[in-house]
1. Please count how many residues of segment 318-345 are aliphatic (A, V, I, L, M), over 24 Å from A359 (Cβ atoms) and modelled with pLDDT of 95 or more.
2. Might you let me know whether segment 131-149 holds any residue that is crowded, with 19+ Cβ neighbours inside 10 Å, at pLDDT 90 or above, more than 21 Å from the chain's Cα centre (by Cα) and over 30 Å from L190 (Cβ atoms)?
3. Looking only at segment 304-324, which residues are in contact with an Asp or Glu (Cβ under 8 Å, 6 or more places away or on another chain) and either of a type in the set (G, A, S) or crowded, with 19+ Cβ neighbours inside 10 Å (or both)?
4. Using the structure shown, decide if T305 is more than 28 Å from N425 (Cα to Cα), in the same structural domain as P408 (by TED's automatic domain parsing) and either in contact with a Phe, Trp or Tyr (Cβ under 7 Å, 6 or more places away or on another chain) or of a type in the set (S, T, Y) (or both).
5. Can you find even one residue in segment 454-465 that is over 30 Å from S218 (Cβ atoms) and either in contact (Cβ under 8 Å) with a residue 40 or more places away in the chain or not in a strand (DSSP E or B) (or both)?
6. In segment 374-399, which residues are modelled with pLDDT under 95 and within 22 Å of S450 (Cα to Cα)?
7. For the condition at pLDDT 95 or above, closer than 30 Å to T330 by Cβ, small (G, A, S) and over 18 Å from the mean Cα position of the chain (by Cα), what is the one hit in A194, A166, A156?
Amino acid sequence: MKLANTVALAAVAASSLAMVGASPVQAAASHTYSTGFQIQNLSSTTANVTMSFYAQGSSSSTPSATFSTTVPGSQSVNYSTLPDAVSAGFTGGAVISSDQKVAATVNIVVDGDVYFGDAYTGVSAGSTSVTLPLLFRESYGFNTFFNVQNTDTAAAAVTVTYSNGATETATVQPGATARFDQSANASLPLSGQAGFTGSAVVTADKNVAVTVAQVDTSTLANYNGFGDTSNLTPVFPLINSNNSGYVTGIPITNVGNASTDVTVTYTPGSQATYPKNPVKSCTETQTIAAGDTKYFALYSQGPSTAETVTSDCTKGAYFVGSGEVTINTTSQPLVALVSQLNSAGKKSGIYSAFNAATATSTVLFPIINDRFYGYNTGFTIVNVGTGTVNVVCSYAGSSYQDTATLGPDGVMGTLQTNKLADKTNTSGTCVATATDGSTPKIVGVINQLSVSAAKDALFVSGGINN
């Protein structure tokens, strides 16, 4: 996420009801959703912050509620529920405005259960075209819905064009949101248990932001739509395969106009941190036609044998590390998601791939947990620069630090469990310093997890570059 004095939160709810819809595998499910969020001050000066809440489908550009607060320099504040100024039953979006640069992450909780939900990162800038690479309607129990938020100052005419040619439209007032629910869209044809699996492009005459929710009866995963489709070599800071029941799938979509051969190189984390990791990196290559999507990691590393791919990875082997597109033969623009899934443990999370061109020397994590009511965090940092860097990660309110020296494509993985004080709920900052005069560039992803929870207590979000 880029720096911003204004941050859009496209999906915000206070015990709002959303129908998920029926699936061919499980009975129809309805859930209530509520949200909390963390605001991170990216400057060293106290930030004066105003949060404006806009009801979904509102015909007015006036917020239904506002709330003001301050955030100390280089610190974060947490709201486990929405402020009292927001009415019960609210559903819609929010805009965070500040006199300093700020960022935000949002936790969405299902049915009031703090051990069931997921996270996404607030959007700092909208776009007139947003790509949603993965959408479902009754596909093996999964459905999706998404919120489109107008980040501009005048009403936006919004059109959604699905990969099968179906369209939907809406007029969205400034700050407000419109919801598009694929489970209720009869124009998306079903094909047996596979249902509908496709994509969409959201276009508008004003700038918009989009957040997608992927749901079934026991899991929730969120991702932000792609307003920037210029990335030729996406980076995946965390790949988690055959680790305590987790597998990773990486759907990579070719949004260009020609076919391309894509090679992903997987780099394992240090064996000092992950003793069962392989020593060497491995690769996987697939051909992706224009407009098509191919899954990486799932068939080269995971247990699935549904497809055969070209790879020198050891199938079924333990792997915790990172990945990056290292070959894109015809230089087509690519968008990608990274999905972590533990089916037996009912844990699921998604994050959007990174663009190395927007990486910086500092990555912030607004929420860090150590034994916080069952939650712990762990994150990975990847050096996407051309030189060697020293990385120092510090935690607000603690003298403890994590450190690593990373060469190009090097991976640092760290867990906060038992390293900080019991019941720690704080923020973290990782800073890279070059050792050879190069420009330090790092990116990161964090998992917030309650291992013992019976439901989907995995919250995944991207680190915030500053």
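The values are calculated or read from the model by the stated rules, or taken from the named source; none is laboratory data. As the structure is a prediction and not an experimental result, all values here were calculated from the model. FYI the Cβ positions are ideal-geometry reconstructions off the backbone, even for glycines, and counts take in every protein chain you see.
1. Taking segment 318-345 and keeping what is aliphatic (A, V, I, L, M), we get 320, 325, 327, 334-338, 341, 344.
Among the residues that remain, those that are also over 24 Å from A359 (Cβ atoms) are: 341, 344.
Remaining after also requiring modelled with pLDDT of 95 or more: none.
Count: 0.
2. Looking for residues that are crowded, with 19+ Cβ neighbours inside 10 Å, at pLDDT 90 or above, more than 21 Å from the chain's Cα centre (by Cα) and over 30 Å from L190 (Cβ atoms), one finds none in segment 131-149, hence no.
3. Matches in segment 304-324: S311, C313, S322, E324.
4. Against the criterion (more than 28 Å from N425 (Cα to Cα), in the same structural domain as P408 (by TED's automatic domain parsing) and either in contact with a Phe, Trp or Tyr (Cβ under 7 Å, 6 or more places away or on another chain) or of a type in the set (S, T, Y) (or both)), T305 does not qualify.
5. So far as segment 454-465 goes, yes, one or more of its residues are over 30 Å from S218 (Cβ atoms) and either in contact (Cβ under 8 Å) with a residue 40 or more places away in the chain or not in a strand (DSSP E or B) (or both).
6. A396
7. A166
For every residue, the table says whether it meets (1) closer than 21 Å to K441 by Cα; (2) under 21 Å from the mean Cα position of the chain (by Cα).
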site	(1), (2)
P251	no, yes
D261	no, no
Y266	yes, yes
T285	no, no
G291	no, no
S311	no, no
V335	yes, yes
